[in-house]
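A short worksheet on the structure shown next.
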Amino acid sequence: MKKLLIASAVTASLLGTSAAFAAEEVNVYSYRQPFLIEPMFDAFTEETGIKVNVKFAKQGMAEKVKQEGEYSPADVLLTVDISRLKDLVNHDVVQPVQSDVIDQNVPEQFRDSEDKWVALTTRARAVYSSRERVGKLGDDFDYLDLAKPEWKGKICTRSGKHPYNVSLVSAIIENHGEATAKEWLKGVKANLARKPQGNDRAQVKAIKEGLCDVSLGNSYYLGKMLNDEEQKAWAEAVYINYPGQNAHGTQVNVSGMAMAKYAPNKENALKLMEFLTSDKAQHMYAEVNFEEPVKPGVEKSELVASWGEYKHDPMPLEAIADNYSKSVKLLDEVQFDL
């Protein structure tokens with residue numbers, strides 16, 4: 001009996017130690033590449049003593065967390081694009097987060113009305129133009145202009161059904177209506193220099209090679225290319241343009257985060273989420289990935305700032321998410337990728 005009591009005491013002690021250790025951890029599932037976010041996590045650990053465990057994925061995050069159910073170790077979910085944030089909500093794998101800190105740091109436009117996700121950075125859906133053959137596009141240039149006959153055979157883009165492009169179509173639906181969006185898609189398709197393919201950087205490469213003159217692309221890719229010796233020449237062959245400056249403004253999307261529905265380390269998860277909206281983390285995001293801080297007052301990186309100021313479309317991200325299925329339907333109807 002004495003041995004059993006001792007064994008029970010040791011077991012209880014070990015369990016207590018384990019619980020205490022777990023309380024100093026937070027588990028993150030992320031679509032973001034390790035080099036983009038690990039500097040922020042290291043800074044968070046240094047500041048709080050809380051260890052960040054990260055599991056990286058390329059796809060299927062919502063499905064994985066759903067399958068794990070209440071036994072999921074996930075605390076915080078990191079992803080990009082409003083469509084993927086909304087996907088987490090639709091799969092019912094996140095929970096609302098009430099935080100005065102987050103509300104003060106992140107403008108309402110970039111937060112879910114039910115507090116189920118929050119943006120961390122913004123990126124513009126820009127238009128790249130050939131320095132040699134086109135030049136810099138003016139403030140009068142708008143996304144709708146890409147459907148004009150003057151661009152026939154001169155446009156390159158990745159798949160219309162990639163989330164970045166679907167979100168742009170969703171914004172056009174919100175600003176101009178479905179009928180205009182459909183005609184716009186028809187016009188852009190008619191103006192393509194080649195079938196949609198590759199990623200955003202591949203379109204800039206195509207401009208460099210003379211295959212097309214303009215392309216759609218996220219703004220931060222320019223910084224990535226300029227910092228890649230193999231791709232620097234591509235970036236130097238184009239101007240970055242921010243459409244809609246005399247209209248609704250340039251469409252922006254986000255990277256963002258949410259707290260997992262069954263987060264086992266909820267308190268630490270909230271601390272991490274608040275930290276990622278802080279000046280320190282926002283500045284690090286800006287310097288590492290050439291995205292723009294979502295917190296007002298935090299400066300862009302010097303390189304991004306050199307590309308010029310521009311007006312954002314003030315449309316709530318939720319409006320883009322709400323139009324997502326309509327956008328996919330229109331893309332199918334015009335057979336954009338075929």
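The values are calculated or read from the model by the stated rules, or taken from the named source; none is laboratory data. Nothing here was measured: the structure is a model prediction, and the numbers come from that model. Please note: Cβ atoms are built from the backbone with ideal geometry, for glycine as well, and neighbour counts cover all protein chains shown. The accessibility values were calculated without ligands, DNA or RNA, using every heavy atom of the protein model including side chains. Shrake-Rupley method; radii C 1.70, N 1.55, O 1.52, S 1.80 Å.
Counting only protein chain heavy atoms and rolling a 1.4 Å probe, the accessible areas of GLU70, GLU229 rank, largest first, as GLU229, GLU70. All other residues whose Cβ lies under 9 angstrom from that of ASN105 are scored, Lys and Arg at +1 and Asp and Glu at -1, for a net of -2. Distances over 15 Å make up what percent of all Cα-Cα pairs in the stretch 84-174? Value for the stretch 84-174 (Cα pairs over 15 Å): 73 percent. Summarised as an ellipsoid, the stretch 11-165 has semi-axes of 41, 17, 16 Å, derived from the eigenvalues of the Cα gyration tensor scaled by 5 and square-rooted, with the largest first. The value obtained for the stretch 163-315, namely the Cα convex hull volume divided by the number of residues, is 158 Å³ per residue. Of all DSSP bridge pairs formed entirely within the chain, close to 65 percent run antiparallel. The GLU132 and ALA190 beta-carbon pair, evaluated with R₀ = 25 Å, returns a calculated FRET efficiency of approximately 0.55.
Across the stretch 185-338, Cα pairs under 8 Å and at least six residues apart give a relative contact order of 24 percent. Multiplying the residue separation of GLU108 and GLU47 by 0.36 nm and removing their Cα-Cα distance gives an extension gain of 19.2 nm.
For the chain, the direction-averaged projected area of the alpha-carbon convex hull comes to 19.4 nm².
Checking the cross-link pairs LYS51/LYS295; LYS195/LYS232; LYS51/LYS116; LYS182/LYS232 against a 31 Å limit on the alpha carbon distance flags LYS182/LYS232 as lying beyond it. With every protein chain in place and a 1.4 angstrom probe, the accessible-area ranking of LEU303, LEU222, largest first, reads LEU303, LEU222. Remark on the stretch 101-230: hydrodynamic radius 16.1 angstrom, per the Kirkwood mean of 1/r across alpha carbon pairs. For the stretch 102-151, trypsin sites (Lys or Arg not before Pro) meeting the loop criterion (DSSP other than H, G, I, E, B) and having at most 12 other Cβ atoms within 10 Å: LYS136. Grouping the Cα pair distances of the stretch 230-279 into 5 Å bins from zero gives a pair-distance distribution of 4, 13, 13, 10, 11, 11, 13, 11, 10, 3 percent in increasing distance order.
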